[in-house]
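Below: the structure, in structure tokens.
What follows is calculated from the coordinates using simple rules that are stated; it is not laboratory data. These numbers were taken from a predicted model, which means no experiment stands behind them. Virtual Cβ from ideal backbone geometry, glycine too; neighbours counted across all protein chains shown.
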Amino acid sequence: MSRSLVHIGIDNDRVFAAVTKRKGGFSHPPFDGLNLGFQTGDNQDTVRHNRQTLINALPTTLAPMIYTYQSHSTILQKVSKKDAGRGGDSFESGIPADALYTTERFLPIGIFHADCVPVFLVHLHQPLIAIIHAGTPGSLAQITLKSIQTICQNEKVEAKDFSAYLGPSLDFAHHPISVERVDEILGMNRSFAPAIKLISGQFYLDVPLLNYMQLIEAGLHPDAIRVSSVDTYSNAKEYFSASRDEKTGRHLSFIYLK
């Protein structure tokens, strides 16, 4: 698949996972160009045209994509072929969840984001994948930790047998927070402290690190976790950023079993 359309996070004989870029679509400013989110306020027909552009670049063996109707929750849903195409016509017709997982091959599952962290999970031995929309609210509510724990309980697997990839997202240097917000976050959970950084008198929140910490707490081995170095804020030509532009498009992060 063309790297002009996507940032490829995983591509091996078992799994493909990627994050779409903003190039190659048909949306006009401020959504230019490959906006894939109906929820942005963009023209709906243009979003459909953009999605078709992506679909045309994917293998024809795949079932229709399953999209989330996400809300910064901690809801995880297992999906199957019967859910194929959910969310294809509207944002509201997607699966009401911020994390999806499946055990079925050729079934792509996807979440939307601009600055939020897309977390990809792959079981090392079984046909089992997941994708998590980890924005700031979800990350502070520990969506990644809770999703892994639920998957392990439901599927009778162990976290140590997963690998993970954290895709392009907002770098902490562009996520300043107030002293009051620091107190609020530490009041939620003191273990979040390493993700709060103080530089030259300004506090910052490192959301990718929050999710890395949750992966470790869940039981993944550090060597099984990769983190993208791509900052959505600093790469305006290739990535959307709500923190940078406020009104903007959305990437689609998706994964499927081959």
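Observations on the structure shown:
- Protection proxy ranking for 8-18, 204-214, 153-163, 246-256, using the average of other Cβ atoms within 10 Å per residue and placing the highest first: 246-256, 204-214, 8-18, 153-163.
- Under-5 Å amide H pairs with Ile95, H placed in peptide plane, nonlocal only: Tyr67, Thr68, Tyr69
- Backbone N under 12 Å from the Lys237 label point (7 Å along Cα→Cβ), restricted to the stretch 170-192: none
- Only Cα sites of the stretch 1-154 enter the Debye sum here, all with the same form factor; the resulting log10 I(q)/I(0) across q = 0.18, 0.21 1/Å is -1.15, -1.56, listed in q order.
- Protection proxy ranking of 36-44, 56-64 - average other beta-carbon atoms within 10 Å, highest first: 36-44, 56-64
- Cβ-Cβ FRET estimate between His174 and Asn12, R0 fixed at 22 Å, reported to 0.05: 0.10
- 3J(HN,Hα) along the stretch 133-138: 8, 10, x, 4, x, x Hz, from the Karplus curve 6.51 cos²θ - 1.76 cosθ + 1.60 with θ = phi - 60°, whole Hz, x for Gly and Pro.
- Over the stretch 46-125, the ratio between the Cα radius of gyration and 2.2 N^0.38 Å evaluates to 1.08.
- Around the amide H of Gly9, modelled in the peptide plane, lie the amide H atoms of Ala17, Ala18, Val19, all under 5 Å away and 5 or more residues distant in sequence or on another chain.
- For the stretch 179-188, 3J(HN,Hα) computed residue by residue from phi via the Karplus equation (6.51, -1.76, 1.60; θ = phi - 60°) reads 4, 5, 5, 4, 4, 5, 5, 5, x, 6 Hz, glycine and proline entered as x.
- Charging the Cβ of each Asp and Glu at -1 and of each Lys and Arg at +1, and nothing else, the dipole of the chain about its Cα centre rounds to 560 debye.
- Residue-by-residue Karplus 3J(HN,Hα) for the stretch 50-65, coefficients 6.51, -1.76, 1.60, Hz, glycine and proline x: 4, 5, 5, 4, 5, 4, 5, 8, 8, x, 6, 6, 6, 6, x, 4
- Result for the chain in a Gaussian network model with C-alpha springs under 10 Å: among Ser139, Ser191, Ser169, the largest mean-square fluctuation is at Ser191.
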